[in-house]
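Below is one structure, written out as structure tokens, with a few remarks after it.
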Amino acid sequence: MSDKEEREIQRFMELDSNKLTKGKERELAIQIEEDIMNQNEVLADQINQEFKKYNIKSIDIVGAIGAGKTAIIEKILEKLASKYRILVICGDVTTRVDANRIEKHNAESIQINTGRECALNAYHINQIIKNKDLNNYDLIIIENVGNLICPSDFILGTDKRVTIVSITEGEWVIEKHPMLFKMSDVAVINKIDLAEILETDVDKMINDAKKINPNIQVITTSAKTGKNIDKLIEIFGLEN
Amino acid sequence: MKEKLEIIRELLANNQEIDASKIHILMLDLFKTQFKGLHVENYIGDYPTFIEPVYLGDKVKLGDDVLLGPNVYIGKNSEIGDYVQLTNSIIFDNVKIGANINLENCIVAKDSSLNFNNPNIKNCIIIGKADSEEDLKKISFSI
């Protein structure tokens, strides 16, 4: 990554509430923010250890509202629900629309409504797993709250983080949200069936993701037609 | 769920002789067998954080930045103050929990109230009103 890109990402990270404070208040605001981030990382690490102890594969799925996160999870469940014991944790500001959809596919679902918070954090996940018998699960899928900004601040302790964008969000969507792609293992460009009709430059989207994070795996999918869902399952290291 | 809650309610009513371990076992059994799939339908307040399963009775009032769950039951007409966190707990009817209280693995009997700052109250049964930590010691039973 070039210096310019590094600086740009740093600038995104600094656009936080501590800019509204001055002097000692600012020092305190920064300290609190650092403490929260550190505590989240410690907890996320513990969660990851728990998942490993019970041999559970885990995926954190991030993306904007309408990108197709739930639709892709539904497609995955159609293929895997009979082979894996799956828990899906659905994060939303409010409603249990997603959990209701997931329950139709023979998987256990838990809805977290985050209210005023715009991302799930490790505390939310820890509250669930410490109250569950983890012997009962092979795979835990976490669907994060729908947006491409806040989730970059909070890792959840999963094996993989997957960011889903869709063709309808426009070809600049990846370029405009570098932090998430920097922190993701897989980038999914969904609704690929609409690329031609919307004349979207998919190659630009793929290149943007690779430029931000050279190690990221990029895949195009259509939850509607099922295109490349098998490939995605393979990327997750799961057996179809 | 109602039948098991009624058993706990009756055990709490006999506050001369509280069988804390029996009540605790009943609560854990309730969480394990009756809470699956419970979710919030109605409340008075502004978008708290819920981690399912959570059940709220009629006219429960929730303050700002409240976090409920998992395994939380709150009976009708109860009021939960700002910044409260409740986990693995049963709050019966007409209870008032003041601001910034964290309850974990607790049962609060009907008409009780807690009105002081103590972020961490764990593993207890509370029957009555407390305006200080000293008060709380007099009305709580360890589980």
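Cα-Cα over 27 Å: which of A:LYS52/A:LYS204; B:LYS59/B:LYS129; A:LYS52/A:LYS210?
Working: A:LYS52/A:LYS204 36 Å; B:LYS59/B:LYS129 21 Å; A:LYS52/A:LYS210 29 Å.
Long pairs (Cα-Cα over 27 Å): A:LYS52/A:LYS204; A:LYS52/A:LYS210.
Filter A:LYS176/A:LYS224; A:LYS132/B:LYS96; A:LYS57/A:LYS176; A:LYS57/A:LYS211; A:LYS130/B:LYS61; A:LYS104/A:LYS182 down to the pairs with a C-alpha to C-alpha distance above 32 Å, please. Don't skip to the answer; put the middle values down first.
Numbers: A:LYS176/A:LYS224 26 Å; A:LYS132/B:LYS96 29 Å; A:LYS57/A:LYS176 30 Å; A:LYS57/A:LYS211 28 Å; A:LYS130/B:LYS61 28 Å; A:LYS104/A:LYS182 34 Å.
The answer is A:LYS104/A:LYS182.
In this simple spin-label model, placing a label point 7 Å from the Cα along the Cα-to-Cβ direction at both B:ALA99 and B:GLN16 gives a separation of 4.1 nm. When chain A is treated as a Gaussian network with alpha carbon springs shorter than 10 Å, the biggest mean-square fluctuation among A:GLY68, A:GLY23, A:GLY170 belongs to A:GLY23. Do any trypsin sites (Lys or Arg not before Pro) in the stretch A:157-222 lie in a DSSP loop with no more than 14 other beta carbon atoms within 10 Å, and if so, which? Hits after loop and neighbour filter: A:LYS176. Taking the stretch A:141-212, which GluC sites (Glu not before Pro) meet the DSSP loop condition and have no more than 11 other C-beta atoms within 10 Å? When the GluC sites (Glu not before Pro) of the stretch A:141-212 are filtered for loop state and at most 11 Cβ neighbours within 10 Å, A:GLU199 remain.
Run the helix sum for chain A: -39,500 (n - 2.57) per DSSP H stretch of 4+ residues, divided by residue count, reported at 222 nm to the nearest 500 deg cm²/dmol.
Working: 9 runs with 97 residues, N = 240.
Helices in chain A give a 222 nm mean residue ellipticity of -12000 deg cm²/dmol.
In percent, how large is the relative contact order of the stretch A:3-235, given Cα pairs closer than 8 Å and 6 or more residues apart?
Details: 401 pairs, mean separation 51.1, N = 233.
Across the stretch A:3-235, relative contact order equals 22 percent.
Per-residue Karplus couplings for the stretch A:48-57, computed as 6.51 cos²θ - 1.76 cosθ + 1.60 with θ equal to phi - 60°, are listed in order as 4, 4, 4, 4, 5, 4, 9, 6, 9, 7 Hz, Gly and Pro entered as x. Exposed loop GluC sites (Glu not before Pro) only (DSSP loop, at most 16 other Cβ atoms within 10 Å): please give the longest stretch of chain B free of them, not including the sites. In chain B, the maximal stretch lacking such sites is B:42-143.
Put in order of Cβ neighbour count within 10 Å, fewest first, the listed residues B:SER78, A:SER222 become A:SER222, B:SER78. Listed by chain and number, the aspartates and glutamates whose alpha-carbon sits under 13 Å from that of B:LYS22, ignoring those within fewer than 8 places in the same chain, are B:GLU10.
Shielding by partners for A:108-114, please: the mean number of other protein chain Cβ atoms within 10 Å of each residue's Cβ.
Numbers: counts 2, 2, 8, 8, 6, 11, 6.
Mean partner-chain Cβ count within 10 Å for A:108-114: 6.
Each of A:MET179, B:MET1 has some number of other Cβ atoms within 10 Å of its Cβ, and from fewest to most they run B:MET1, A:MET179. The residues A:HIS105, A:HIS177, when put in order of fewest to most other Cβ atoms within 10 Å, stand as A:HIS105, A:HIS177. Within chain A, the cysteines lacking any other cysteine Cβ closer than 4.7 Å to their own Cβ are A:CYS90.
A short reminder: the numbers here are calculations on the coordinates, not readings from a lab. No experiment lies behind these values; they were computed from the predicted model shown. Cβ sites come from the backbone with ideal geometry, for glycine too, and all protein chains shown count toward neighbours.
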